[in-house]
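*Asks:* There's a structure below that I have some questions on.
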Amino acid sequence: MAHEELFLEKNGDRPDVRNVLVVLTDGKQKPALPKNESLADYSKPLTDAKVEIMAVGFGSASKSELEKIASSKQNVRFYTGTAAEALTKAVEGIIEKLCNCKYSISKKTFITTKSLV
């Protein structure tokens with residue numbers, strides 16, 4: 001699992017830098033989890049370790065499942081349209097959220113509104 005491999009100093013994590021995990025999905029959890037388990041159970045070790053989790057859904061993704069994965073409702077993004085359009089919007093949205101800036105792939109512009117450090 002991510003909490004056992006990622007965000008560890010021995011694997012390159014820097015304790016003075018914010019940790020963010022971006023989860024991309026195009027559907028619902030399959031196979032279904034056992035009744036005594038929840039997607040939130042899998043996110044909890046990461047959120048307990050102060051990892052910010054963004055859940056990004058495409059197409060038929062379940063908004064309620066995205067909310068269980070994400071560390072907050074503000075970290076849920078959902079995109080529709082062609083695969084290319086949706087992915088472009090998702091990448092722009094992720095960059096804007098992580099960097100607190102405006103970014104346009106098509107215009108290749110990057111406008112920061114806040115220090116990135």
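All of the numbers you see were taken from the coordinates with simple rules; none came from a lab. Since the model is a prediction, treat every value here as computed from it, not as a measurement. So basically every Cβ, Gly included, is an ideal-geometry build from the backbone, and we count neighbours across all protein chains shown.
*Asks:* Can you list residues whose amide H is under 5 Å from N19's amide H, if they're 5+ apart or on another chain and H is modeled 1.01 Å from N?
*Replies:* Correct list: E52.
*Asks:* Mind checking segment 1-107 for trypsin sites (Lys or Arg not before Pro) that DSSP puts in a loop (not H, G, I, E or B) and that have at most 13 other Cβ atoms within 10 Å?
*Replies:* Those satisfying the criteria are R18, K28, K35, K50, K107.
*Asks:* What shape does the chain take by its C-alpha gyration tensor, where a ≥ b ≥ c are the square roots of the eigenvalues and a/c under 1.5 counts as rounded, a/b above b/c as prolate, and the rest as oblate? Before the final figure, lay out the partial values.
*Replies:* On the way: a/c = 2.31, a/b = 1.15, b/c = 2.02.
Since a/c reaches 1.5 but b/c is at least a/b, the shape of the chain is classed as oblate.
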